[in-house]
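**Student:** Dumping the structure here so I can ask a few things about it.
The values are calculated or read from the model by the stated rules, or taken from the named source; none is laboratory data. Computed from a predicted model, the values in this text were never measured in an experiment. Here the Cβ positions follow ideal geometry from the backbone for every residue, glycine too, while neighbour counts run over all protein chains shown.
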Amino acid sequence: MRILDSRRPKDFTRVLALLTRRPTPDRKVRAQVEKILREVERGGEAGLIRIQNRFSKKKISKATLRVRGKFRAPPEKVRQALAAATANIVDFAKATRPKDWSRRNRQGASVGESFPALGRVGVYVPGGTAPLVSTTLMTVVLARVAGVKEIVACTPGPIHPVLGWALQKAGATEIYQVGGAQAVAAMAYGTETIRPVEKICGPGSVWVVEAKRQLFGRVGIDLLPGPSEIAVVADESARADWVAADLVAQAEHGPGSQIFLLTPSFLFLGKVLAEVLSQSGEKPRAKYLRGVLAHGATLVRTKDVKQAVELAEAIAPEHLSLQCRGAKALAKKIRCAGAVFLGNHSAVALGDYFSGPSHTLPTGGAGRAFAGLRVEDFVKRVSVVEYGAAAVQKSARTVGLLARLERLDAHADSVETRLS
């Protein structure tokens, strides 16, 4: 693990530079993703299947690319848990769905916006090391609440039965057992079986994130959510075992995950470090945890909590946990984070599964400019304008002046002709 001290001004400058991140793609990943996208675009379904079988243990064919039939329902306790989480997600999504509006401008014209749902979206659900049923709820359910009619889900095979059932229950209308950059390419370009979508949403590996980055513009992209991250700002009022549990929980996602602790107390830092080492050795996914602790863990001793928050803003983490005094006041100043969790009891995993907002959040420093996935990502914002004769009369002189200033006389004429 990397342990840093930022108390002195010179050290703070160095640490700030180390922790300030920009979502810059790896050159090798970028080049390889370019090849994959090109191969799918040119080779269609044959190219897609060829790439998938090259990287995956689960071999697919044209006949097995799309999953057909219904998945068997899981045990009742699992169904109840998924239903409870879904209810919170639906409530939050309904409350935040944009609503049509209109008003009169100063000249009397009606101006406003409408928010029709997208017609066909693609959702990527990571697979491989774990069946991420929660990601299904945090993506597909939002699309359904928005009113999307066709929801295409891609996830690497073999698809876990509970994951498959959750996808269908959440509202996925098509499911394909394909993953990685090739899945993103298939949803963007389309193949003989998979019709192209209007927008692609969902988290994934560095390959998935890079594919989404390269396809931005060809197809709508939600954000760039990669491997999991957490930064915890804590003081002596926090519990070391709880802080460590949050850090270990996010490290559990495995390769590429990042965990940060920012605290002014060296004694508390030591206690958390001991707890992290103790707790991580007991978990079933210990091999993934060891890799993250070796390459993706940073513990920083800060001058005070204020400095810790400043460094957290530089990190722009996916999850920011404020387990310190005055957390509510500090949260109002946070701008660069995907989600903020307040107080000692607000375990980040509650947000991963249950609280309501989507856990699909920006990573790699993208939290500086991107927000987390929301129901608004599944609708279109359309401006609506209606003029009557009186409103045109009040507007024509100004529009004519501005249009002719830009030497666009036809624009001016198109308004002025309506005066007669």
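**Student:** Can you spot a residue in the stretch 181-189 that is of a type in the set (Phe, Trp, Tyr) and either closer than 23 Å to Tyr353 by Cα or more than 18 Å from the chain's Cα centre (by Cα) (or both)?
**Tutor:** Scanning the stretch 181-189, I find at least one residue that is of a type in the set (Phe, Trp, Tyr) and either closer than 23 Å to Tyr353 by Cα or more than 18 Å from the chain's Cα centre (by Cα) (or both), so the answer is yes.
**Student:** To continue, here is another question. Among the residues of the stretch 266-303 satisfying the criterion of being modelled with pLDDT of 90 or more and assigned to a loop (DSSP other than H, G, I, E, B), which is nearest to Pro227 (Cα to Cα)?
**Tutor:** Among residues in the stretch 266-303 that are modelled with pLDDT of 90 or more and assigned to a loop (DSSP other than H, G, I, E, B), the one nearest to Pro227 (Cα to Cα) is Gly296.
**Student:** Scan the stretch 338-349 residue by residue and report those that are of a type in the set (A, V, I, L, M), outside any loop (DSSP other than H, G, I, E, B) and within 20 Å of Thr135 (Cβ to Cβ).
**Tutor:** Ala339, Val348, Ala349
**Student:** Which one of the conditions (1) crowded, with 17+ Cβ neighbours inside 10 Å; (2) more than 21 Å from Phe266 (Cα to Cα); (3) in the same structural domain as Asp241 (by TED's automatic domain parsing); (4) touching a strand residue (DSSP E or B) at 6+ places or on another chain (Cβ under 7 Å) does Ala327 fail to meet, given that it meets all the rest?
**Tutor:** (2)
**Student:** Within the set of pairs 6+ apart or on separate chains, which have a first residue in the stretch 105-130 that is farther than 28 Å from Val208 by Cβ and of a type in the set (A, V, I, L, M), a second that is modelled with pLDDT of 95 or more and surrounded by fewer than 16 Cβ atoms within 10 Å (Cβ to Cβ), and C-beta atoms under 7 Å apart?
**Tutor:** Within 7 Å, the pairs are Ala109/Val385; Ala109/Glu386; Val111/Ser102; Val111/Arg103; Val111/Asn105; Val111/Val385.
**Student:** Inside the stretch 8-36, can you point out the residues that are surrounded by fewer than 16 Cβ atoms within 10 Å (Cβ to Cβ) and in a loop (DSSP other than H, G, I, E, B)?
**Tutor:** Once the filter is applied, which keeps residues that are surrounded by fewer than 16 Cβ atoms within 10 Å (Cβ to Cβ) and in a loop (DSSP other than H, G, I, E, B), the stretch 8-36 yields Arg8, Thr20, Arg22, Thr24, Asp26.
**Student:** Select from the stretch 147-166 the residues that are in contact (Cβ under 8 Å) with a residue 60 or more places away in the chain and aliphatic (A, V, I, L, M) and list them in ascending order. Steps first, please.
**Tutor:** Taking the stretch 147-166 first, the residues in contact (Cβ under 8 Å) with a residue 60 or more places away in the chain are 147-148, 156-159, 161-162, 164-166.
Within the stretch 147-166, Val148, Ile159, Val162, Ala166 qualify.
**Student:** Among the residues of the stretch 382-420 satisfying the criterion of being without any contact (Cβ under 8 Å) to a residue 24 or more places away in the chain, among the small types (Gly, Ala, Ser) and assigned to a helix (DSSP H, G or I), which is surrounded by the fewest Cβ atoms within 10 Å (Cβ to Cβ)?
**Tutor:** Ala410
**Student:** For the stretch 105-141, how many residues are touching a strand residue (DSSP E or B) at 6+ places or on another chain (Cβ under 8 Å) and assigned to a loop (DSSP other than H, G, I, E, B)?
**Tutor:** Qualifying residue count, the stretch 105-141: 7.
**Student:** Can you confirm whether Arg335 is part of a helix (DSSP H, G or I) and charged (D, E, K, R)? Even if it seems obvious, please write down each step before you answer.
**Tutor:** Details: part of a helix (DSSP H, G or I): no; charged (D, E, K, R): yes.
In short, no.
**Student:** Only one of Ala95, Ala85, Ala81 is crowded, with 17+ Cβ neighbours inside 10 Å, part of a helix (DSSP H, G or I) and in the same structural domain as Pro203 (by TED's automatic domain parsing); which?
**Tutor:** Ala85
**Student:** Still on this structure, please answer the following. Can you tell me which of Val148, Val140 is at pLDDT 95 or above, farther than 30 Å from Glu386 by Cβ and assigned by TED's automatic domain parsing to the domain that holds Val184?
**Tutor:** Val140
Yes/no per residue for (1) at pLDDT 95 or above; (2) closer than 29 Å to Lys99 by Cβ; (3) touching an Asp or Glu at 6+ places or on another chain (Cβ under 6 Å):
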site: Tyr353; (1), (2), (3): yes, yes, no
site: His359; (1), (2), (3): yes, yes, yes
site: Asp377; (1), (2), (3): yes, yes, yes
site: Lys380; (1), (2), (3): yes, yes, no
site: Glu406; (1), (2), (3): yes, no, no
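**Student:** Having 1 or more residues that are more than 27 Å from Glu282 (Cβ to Cβ) and at pLDDT 95 or above is the bar; report the helices (runs of 4 or more DSSP H) wholly within the stretch 154-254 that clear it.
**Tutor:** In the stretch 154-254, 161-170, 180-189, 206-215 are the helices (runs of 4 or more DSSP H) which contain 1 or more residues that are more than 27 Å from Glu282 (Cβ to Cβ) and at pLDDT 95 or above.
Yes/no matrix, rows are residues, columns are (1) without any contact (Cβ under 8 Å) to a residue 24 or more places away in the chain; (2) surrounded by 21 or more Cβ atoms within 10 Å (Cβ to Cβ); (3) more than 22 Å from Leu142 (Cβ to Cβ):
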residue	(1), (2), (3)
Ala308	no, yes, yes
Ala314	no, no, yes
Glu318	no, yes, no
Lys333	no, no, yes
Thr360	no, yes, no
